[in-house]
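Enquirer: Would you mind keeping the following structure in view while I ask a few things?
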């Protein structure tokens, strides 16, 4: 098993946190993982993306040149990274902020109204957790409870609720 993921959006959307959670959950499950962040010059509000690889074998490089999955939080990210998705790959996109559909017909695309769901939960900052929940439900190699167990801090209840909503989305 090897899963190559690109997660992208604006700085401040929790892109790096989402990637780190996938890595931590993968490690807890016994997988090898790599995490490669990339920040725009502005950080908050600029572009941000990370490459994540989860594998039961050794990982040769943290750079993702052909992703199995894209998790896209905004339209500029979708337009930039869609070409890096392998044929028959999966793109999960935040349909609240992305008004276009992926252009390719050789991939699976799933629209998730992540920001709208997060708004209904009371905090748009958990849209990334909604997307993470949908990712976990779509790929099924990471147990949702392992991811929820990792989350700590003042928003842990809201984050775990957002993950649950993403699983249901």
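The values are calculated or read from the model by the stated rules, or taken from the named source; none is laboratory data. In this text the structure is predicted, and so the values were computed from the model without any measurement. Ideal geometry is used to build each Cβ from the backbone, glycine not excepted, and the neighbour counts take in all protein chains shown.
Enquirer: If we scan the stretch 125-136, do we find a residue that is surrounded by fewer than 20 Cβ atoms within 10 Å (Cβ to Cβ) and over 13 Å from the mean Cα position of the chain (by Cα)?
Expert: Checked the stretch 125-136: at least one residue is surrounded by fewer than 20 Cβ atoms within 10 Å (Cβ to Cβ) and over 13 Å from the mean Cα position of the chain (by Cα).
Enquirer: For the stretch 88-103, state whether one or more residues are part of a helix (DSSP H, G or I) and surrounded by 14 or more Cβ atoms within 10 Å (Cβ to Cβ).
Expert: Checked against the condition, which is being part of a helix (DSSP H, G or I) and surrounded by 14 or more Cβ atoms within 10 Å (Cβ to Cβ), the stretch 88-103 yields no hits at all.
Enquirer: Looking at the stretch 145-162, which of its residues are farther than 16 Å from residue 23 by Cβ and touching a residue at least 12 places away in the same chain (Cβ under 8 Å)?
Expert: 155, 158, 159, 160, 161, 162
Enquirer: While we're on this one: Go through the stretch 89-109 and report how many residues are in contact (Cβ under 8 Å) with a residue 12 or more places away in the chain, farther than 17 Å from residue 14 by Cβ and out of contact with any strand residue (DSSP E or B) (no Cβ under 7 Å at 6 or more places or on another chain).
Expert: So the count comes out to 4.
Enquirer: Within the stretch 63-78, can one find any residue that is in a helix (DSSP H, G or I), surrounded by fewer than 16 Cβ atoms within 10 Å (Cβ to Cβ) and in contact with a strand residue (DSSP E or B) (Cβ under 9 Å, 6 or more places away or on another chain)?
Expert: yes
Enquirer: Then there's this: Which condition does residue 27 not pass, out of (1) under 23 Å from residue 166 (Cβ atoms); (2) free of Cβ contacts under 8 Å to residues at least 60 places away in the same chain; (3) surrounded by 15 or more Cβ atoms within 10 Å (Cβ to Cβ), if it passes all the others?
Expert: (3)
Matching residues to (1) in contact with a helix residue (DSSP H, G or I) (Cβ under 8 Å, 6 or more places away or on another chain); (2) at negative phi; (3) at pLDDT 95 or above:
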{"site": "53", "(1), (2), (3)": "no, yes, yes"}
{"site": "73", "(1), (2), (3)": "yes, yes, yes"}
{"site": "76", "(1), (2), (3)": "no, yes, no"}
{"site": "85", "(1), (2), (3)": "no, yes, yes"}
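Enquirer: Which of the numbered conditions does residue 25 fail, given that it passes all the others? Conditions: (1) closer than 19 Å to residue 138 by Cβ; (2) assigned to a loop (DSSP other than H, G, I, E, B); (3) modelled with pLDDT under 95.
Expert: (2)
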